[in-house]
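Chemist: Can you read through this structure? Questions will come right after.
The values are calculated or read from the model by the stated rules, or taken from the named source; none is laboratory data. Keep in mind that this is a model prediction, so the values were computed, not measured. Every residue, glycine among them, receives a Cβ derived from its backbone with ideal geometry; neighbour counts consider all protein chains shown.
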Amino acid sequence: MSNEKVIEIKNVSFQYGREIVLDHIHLTVPKGSFLGIVGPNGSGKSTLLKLILGLLKPDDGEILLFDEKQSRFKHWERIGFVSQKANSFNTGFPATVFEVVASGLTGKIGLFRFLRPKHKMEIIQAIEQVGMQEFMNRKIGELSGGQQQRVFIARAIVSRPEVLILDEPTVGVDAENVHSFYKVLKSLKEQLGITLLMVSHDIDALLSEADHVVYLNKRVQFYGDVDEYKSIRGERFSMVDQHGS
């Protein structure tokens with residue numbers, strides 16, 4: 001893991017109306033790390049991801065992406081995003097796995113541009129990297145929740161991002177597929193050097209794979225390596241908090 005920071009959050013606050021959601025957050029994400037974000041319901045985890053992705057703007061403070069102020073940041077292809085899809089995806093959607101992953105190149109090549117041979121190779125490679133090559137021509141709606149999430153990872157990495165952000169990606173995925181899902185993430189981190197930032201309700205599974213963890217409850221109440229968090233988990237954080245999403 002590098003000392004280089006890919007994301008810096010400096011004194012960031014955000015509120016919906018009068019409700020304070022995040023209160024003076026300080027956080028850095030080192031290049032090559034796998035950072036897990038945990039905390040109770042309503043603690044601001046998903047809001048934090050939306051702020052990083054530029055979907056929301058902080059009320060105070062600033063966010064730096066690759067040492068550049070977010071307001072000036074243009075190279076969003078450097079950041080991939082996988083949202084919570086497995087529970088809500090329209091199983092009647094007619095697109096194939098190949099077509100879904102190809103849609104991840106829209107920002108790079110334009111909405112109505114034809115795919116060049118090099119683009120097709122990039123799509124195939126991304127599908128292979130998540131182990132879904134046998135399903136390349138299968139309709140996305142015919143796949144299991146765990147398989148769909150692999151496809152969404154492939155779509156997120158097809159443009160070769162340096163950071164992959166995941167928001168509750170294993171909700172609705174059975175235990176066996178969750179294990180396979182984490183194997184894919186581990187492979188991407190090791191082989192491609194992708195920095196991972198993930199919110200999950202399944203804290204035990206997340207802690208078994210992440211190397212750093214943030215416990216968030218409107219403020220950062222813990223930030224450190226996983227072993228340190230495990231050693232103080234029962235003392236500092238309630239069982240309700242530990243299993244909250």
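Chemist: Residues of the range 59-86 being buried (at least 20 other Cβ atoms within 10 Å of the Cβ) and modelled with pLDDT of 95 or more, which ones?
Modeler: Passing the criteria: Ile63, Leu65.
Chemist: Follow-up question, since we're still on this one. Do the conditions hold for Lys230, that is, is it under 16 Å from the mean Cα position of the chain (by Cα), part of a helix (DSSP H, G or I) and surrounded by fewer than 19 Cβ atoms within 10 Å (Cβ to Cβ)?
Modeler: Judged against the criteria, Lys230 is not a match.
Here is a yes/no grid of residues against (1) of a type in the set (Val, Ile, Thr); (2) at pLDDT 90 or above; (3) farther than 23 Å from Val199 by Cα:
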position	(1), (2), (3)
Leu105	no, no, yes
Leu115	no, no, yes
Phe135	no, yes, yes
Val158	yes, yes, no
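Chemist: Looking at the range 16-37, which of its residues are more than 15 Å from Tyr215 (Cα to Cα) and either modelled with pLDDT of 95 or more or within 20 Å of the chain's Cα centre (by Cα) (or both)? Let's see the steps before the verdict.
Modeler: Taking the range 16-37 first, the residues more than 15 Å from Tyr215 (Cα to Cα) are 16-20, 30-33.
Answer for the range 16-37, where residues must be more than 15 Å from Tyr215 (Cα to Cα) and either modelled with pLDDT of 95 or more or within 20 Å of the chain's Cα centre (by Cα) (or both): Pro30, Lys31, Gly32, Ser33.
Chemist: Of all residues in the range 116-166, which are assigned to a loop (DSSP other than H, G, I, E, B) and farther than 19 Å from Asn177 by Cα?
Modeler: Taking the range 116-166 as the starting set, the residues that turn out to be assigned to a loop (DSSP other than H, G, I, E, B) are 116, 130-132, 136-138, 143-144, 158-162.
Within the range 116-166, Arg116, Asn137, Val158, Ser159, Arg160, Pro161, Glu162 qualify.
Chemist: Only one of (1) within 20 Å of Asp60 (Cα to Cα); (2) in contact with a helix residue (DSSP H, G or I) (Cβ under 8 Å, 6 or more places away or on another chain) is not met by Asn11, so which one is it?
Modeler: (2)
Chemist: Mind checking which residues of the range 35-50 are of a type in the set (A, V, I, L, M, F, W, C) and closer than 11 Å to Ile165 by Cβ?
Modeler: Scanning the range 35-50 gives Leu35, Ile37, Leu48, Leu49.
Chemist: Let me ask something else. Counting just the residues of the range 187-240 that are touching a residue at least 60 places away in the same chain (Cβ under 8 Å) and small (Gly, Ala, Ser), which one comes out farthest from Gln125 (Cα to Cα)?
Modeler: Ser200
Chemist: Further question on the same structure: Taking the criterion of being in a strand (DSSP E or B), surrounded by 22 or more Cβ atoms within 10 Å (Cβ to Cβ), touching a helix residue (DSSP H, G or I) at 6+ places or on another chain (Cβ under 9 Å) and modelled with pLDDT of 95 or more, would at least one residue in the range 38-47 satisfy it?
Modeler: Among the residues of the range 38-47, not one is in a strand (DSSP E or B), surrounded by 22 or more Cβ atoms within 10 Å (Cβ to Cβ), touching a helix residue (DSSP H, G or I) at 6+ places or on another chain (Cβ under 9 Å) and modelled with pLDDT of 95 or more, which makes the answer no.
Chemist: Right, another one. Specify which of the listed residues (Ala156, Ala175, Ala210) is of a type outside the set (S, T, N, Q), surrounded by 19 or more Cβ atoms within 10 Å (Cβ to Cβ) and more than 12 Å from the chain's Cα centre (by Cα).
Modeler: The unique qualifying residue is Ala210.
Chemist: If you go through the range 117-124 one residue at a time, do you hit one that is under 29 Å from Gly145 (Cα atoms), in contact with a strand residue (DSSP E or B) (Cβ under 8 Å, 6 or more places away or on another chain) and at pLDDT 85 or above?
Modeler: no
Chemist: Hey, does the range 144-163 have a residue that's under 18 Å from Gly104 (Cα atoms) and hydroxyl-bearing (Ser, Thr, Tyr)? Please lay out each step first, then the result.
Modeler: Taking the range 144-163 as the starting set, the residues that turn out to be under 18 Å from Gly104 (Cα atoms) are 147-163.
From what's left, hydroxyl-bearing (Ser, Thr, Tyr): 159.
Yes, the range 144-163 contains at least one residue that is under 18 Å from Gly104 (Cα atoms) and hydroxyl-bearing (Ser, Thr, Tyr).
Chemist: What number of residues within the range 190-201 satisfy the criterion of being buried (at least 19 other Cβ atoms within 10 Å of the Cβ) and at pLDDT below 90? Before you say what the answer is, go through the steps one by one.
Modeler: Of all residues in the range 190-201, those buried (at least 19 other Cβ atoms within 10 Å of the Cβ) come to 194-200.
With the extra rule that they be at pLDDT below 90, the set shrinks to 200.
Residues that pass the stated criteria total 1.
Chemist: So Leu216 fits all but one of (1) assigned to a helix (DSSP H, G or I); (2) closer than 14 Å to Gly39 by Cα; what number is the exception?
Modeler: Evaluating Leu216 over (1) assigned to a helix (DSSP H, G or I); (2) closer than 14 Å to Gly39 by Cα leaves (1) as the failure.
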